[in-house]
Amino acid sequence: MTAERIVIVGAGLAGAAAAAELRARGFAGEVTLVGAEPHAPYIRPPLSKGYLAGDDERGSFDVHPLGWYAERDIRFRAGETAAGIDRASRVVALAGGEALAYDQLLLATGSTPHPLPVPGGDLAGVHLLRTIDQAYALRAAIADGGRRVVVVGAGWIGMEVAATARTLGNDVTVLLRGEVPLVSQLGAELGADFARLHEENGVVLRRGAEVRELVGGDAVTGVLLADGELVPADVVVAAVGAAPAIGLAASAGLETGDGVHVDARLRTSDERIWAAGDIAAILHPVLETAGLPARIRSEHWANAEKTGPAAARSMLGDGTPYDAIPYFYTDQFDLGMEYTGFPQLAAEGEVVVRGARAGREFIAFWVRDGAVVAGMNVNVWDVADDIEQLVRAGLAGAAVDRARLADPAVPLGDL
């Protein structure tokens, strides 16, 4: 299949990285990058970390400077939204009325954060955090400290925002439905470590909290819980998850579910359309080889960073399957962490720890059926590659000795 016109819908990290890869691989045809935001493509982790804290300058997390795209003849259409795809005619319709013809199309439309589905969710002072503009608004609200900040949700975004807001001198309360933050990602045992970290730094964790309503006049003043308690608030952050933005793909008749279904080469059910980033639900060859549920979707930046270029290579005829092991990281107070592996497999695994959990300097491994399926290094560095190799070996059937795994004297490379 020859391609003279490639259109990329979605100008986040995945879309921008795909455009860059096309040019780096010598593609000389038209490349059009369509982005809904009026900004150069940027990476999102600083929005809840360094940028929100005021440590990172705005331009420091652009994927490339704005002029970089024009220099490489990448037609960047900022502030444009795709409204539909005509697969028969191979045309993307923009909301403004223009039509973009394509020979191949990459969808990298990202995720959309869930608003709070309660009365008062649209009051002033209630924030979502997905875009640079939303981060700027939240930063302005908490930068000077002294505010009563209530974070609804105890996943990664919620806990990172809580840590940043507290570091800036705000009174911070996190409302979580369960007993432990991050339980769906780490399990109760290790989630409790993050709970202690936050409480030691003055964050109030309200367990078993169910939000009934946000109250206030022109702006939010409190969060009313189901038990009748009113939690005072000057700022509320909704961190209750996100949904993959699959509407464009679904309306075009592509196969979707929890994301846009793609094969191991990131191709959708239409041979001329690919998907990357948050929306891509990938048939992962490592899982497939291990005889495990094989489709995986990830909303972490490393997934966008890797799937965008992989999709570009696939569009140019590279038949290499996408087999990257999932990776993400977090920074909260004095804790830095990297996670490598498959959380959906770790949920059924046994936790094996090497190092000192009390001192927050350790590596946790999840072992399932005698094999490592994930690892998390906390304030221990330069080990992520070794953990990845353990995961790959484990999913290929290599058992691990738990005693040696837990022994800091045994180099990870020797396992």
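Mind listing the phi-derived Karplus ³J(HN,Hα) values for the stretch 119-135, rounded to whole Hz, using 6.51, -1.76 and 1.60 with θ = phi - 60°, and x for any glycine or proline?
Listing the rounded values in order: x, x, x, 9, 5, 4, x, 9, 10, 9, 9, 9, 10, 5, 5, 5, 5 Hz.
Hey, can you grab everything whose amide H is under 5 Å from the amide H of V380? Only 5+ residues off in sequence or another chain; H modelled, so Pro and N-termini drop out.
Correct list: F362.
When the dipole is taken about the Cα centre of the stretch 1-103, and only Lys, Arg (+1) and Asp, Glu (-1) are charged at their Cβ, what size is it in debye, to the nearest 20?
200
With the crude spin-label approximation of a point 7 Å out along Cα→Cβ, what separation in nm comes out for D258 versus D323?
It works out to 2.4 nm between the two label points.
Using +1 at the C-beta of Lys and Arg and -1 at the C-beta of Asp and Glu, which of L66, A93, I157 has the Cα lying farthest in the positive direction of the dipole of the stretch 48-178?
My answer, from the dipole projection, is I157.
Tally the DSSP beta bridges in the chain and give the antiparallel ones as a percent, rounded to 5.
Percentage antiparallel, nearest 5: 60.
Quick check: pseudo-label points 7 Å beyond the Cα along Cα→Cβ at R295 and A188, how many nm apart are they?
Going by the 7 Å Cα→Cβ label model, 3.1 nm.
Amide H neighbours of F76 under 5 Å, counting only residues 5+ apart in sequence or on other chains, H built in-plane at 1.01 Å?
L33
Percent of accessible area on the chain owned by carbon and sulfur, 1.4 Å probe?
C and S atoms contribute 48 percent here.
Take the Cα atoms of the stretch 73-210, build their convex hull, and give its volume per residue in Å³.
Per residue, the Cα convex hull of the stretch 73-210 comes to 185 Å³.
Expressed as a whole number of Å, what is the distance separating the alpha-carbon centroids of the stretch 192-218 and the stretch 73-104?
If we compute the Cα centre of each part, the gap is 43 Å.
Provide Rg and Dmax in Å for the chain, with only Cα atoms included in the calculation.
For the chain, the Cα-based Rg and Dmax read 22.2, 64 Å.
Please work out, to two decimal places, the log10 of the ratio I(q)/I(0) at q = 0.09, 0.19 Å⁻¹ from a Debye calculation in which every Cα of the stretch 1-155 carries one identical scatterer.
-0.37, -1.16
Expressed in nm to one decimal, what extension gain is obtained for the pair E361 and L230 from 0.36 nm per residue of sequence separation less their Cα-Cα distance?
Taking 0.36 nm per residue and subtracting the Cα distance, the gain is 43.4 nm.
About the Cα centre, and with charges only on the beta carbon of Lys, Arg (+1) and Asp, Glu (-1), how big is the dipole of the chain? Nearest 20 debye, please.
The calculation lands at about 420 debye.
In sequence order, what are the phi-derived ³J(HN,Hα) couplings for the stretch 94-100 according to the Karplus relation 6.51 cos²θ - 1.76 cosθ + 1.60 with θ = phi - 60°, rounded to whole Hz, with x for glycine and proline?
For the stretch 94-100, the Karplus-derived couplings read 8, 4, x, x, 6, 10, 10 Hz, x marking Gly and Pro.
Considering the options A239, H261, V220, tell which one lies farthest towards the positive end of the dipole of the stretch 217-289, charges being +1 on Lys and Arg and -1 on Asp and Glu at the Cβ, about the Cα centre.
Final value for the positive-end residue is H261.
In whole Hz, with x marking every Gly and Pro, tabulate ³J(HN,Hα) for the stretch 362-370 from phi via Karplus 6.51 cos²θ - 1.76 cosθ + 1.60, θ = phi - 60°.
The phi angles translate into 7, 10, 10, 10, 9, 10, 10, 6, x Hz.
Taking only Cα atoms and a 10 Å spring cutoff, compute GNM fluctuations for the chain and point out the largest among A403, A275, A124.
A403
Specify the residue with the greatest mean-square fluctuation among G29, G355, G217, computed from a Gaussian network of the chain linking alpha-carbon atoms under 10 Å apart.
For the chain, modelled as a Gaussian network with Cα springs under 10 Å, the answer is G217.
Report W301's accessible area, 1.4 Å probe, all protein chains in place, as a number in Å² to the nearest 10.
For W301, solvent-accessible area is about 80 Å².
Extent of the stretch 1-74 along each principal axis, from alpha carbon coordinates, in Å, largest to smallest?
Principal axes ranked by extent give 47, 20, 20 Å for the Cα atoms.
Could you give the radius of gyration (one decimal) and Dmax (whole number) of the Cα atoms in the stretch 127-182, in Å?
11.0, 32
Return the inverse of the average 1/r over all pairs of distinct C-alpha atoms in the stretch 241-282, which is the Kirkwood hydrodynamic radius, in Å to one decimal.
It is 10.0 Å.
Label A28 and A70 with points 7 Å out from Cα along Cα→Cβ: what is the distance between them in nm?
Reported label-point gap for A28 and A70 is 2.4 nm.
For the chain, what is the accessible area per residue in Å² when the probe is 1.4 Å?
About 41 Å² of surface per residue is accessible.
Working from the alpha-carbon coordinates of the stretch 363-414, get Rg over Rh, Rh being the Kirkwood radius.
0.92
Rounded to the nearest 20 debye, what is the charge dipole size of the stretch 264-411 about its Cα centre when +1 sits on each Lys and Arg Cβ and -1 on each Asp and Glu Cβ?
Details: 14 positive and 21 negative charges, 60 e Å.
With only Lys, Arg, Asp and Glu charged at Cβ, the dipole is about 280 debye.
Between A143 and D369, 0.36 nm times their residue separation minus their Cα-Cα distance comes to what?
Gain on stretching A143 to D369: 76.6 nm.
Along each of its three principal axes, how wide is the spread of alpha-carbon positions in the stretch 144-213, in whole angstrom units, largest first?
35, 28, 17
Mean residue ellipticity at 222 nm from the helices of the chain, using -39,500 (n - 2.57) per DSSP H segment of n ≥ 4 over the full residue count, to the nearest 500 deg cm²/dmol?
-7000 deg cm²/dmol
Given 10 Å bins starting at zero, what is the percent of C-alpha pairs of the stretch 274-384 in each, up to the one with the largest pair distance?
Percent of pairs per bin, in order: 13, 39, 31, 14, 2, 0.
The values are calculated or read from the model by the stated rules, or taken from the named source; none is laboratory data. Values in this document were obtained by computation on a predicted structure and should not be read as measured data. Heads up, the Cβs are rebuilt from the backbone with ideal geometry, glycines too, and the neighbour counts pull from every protein chain shown. Remember, those area values only see protein heavy atoms, side chains included, never the ligands or the DNA or RNA. Shrake-Rupley method; radii C 1.70, N 1.55, O 1.52, S 1.80 Å.
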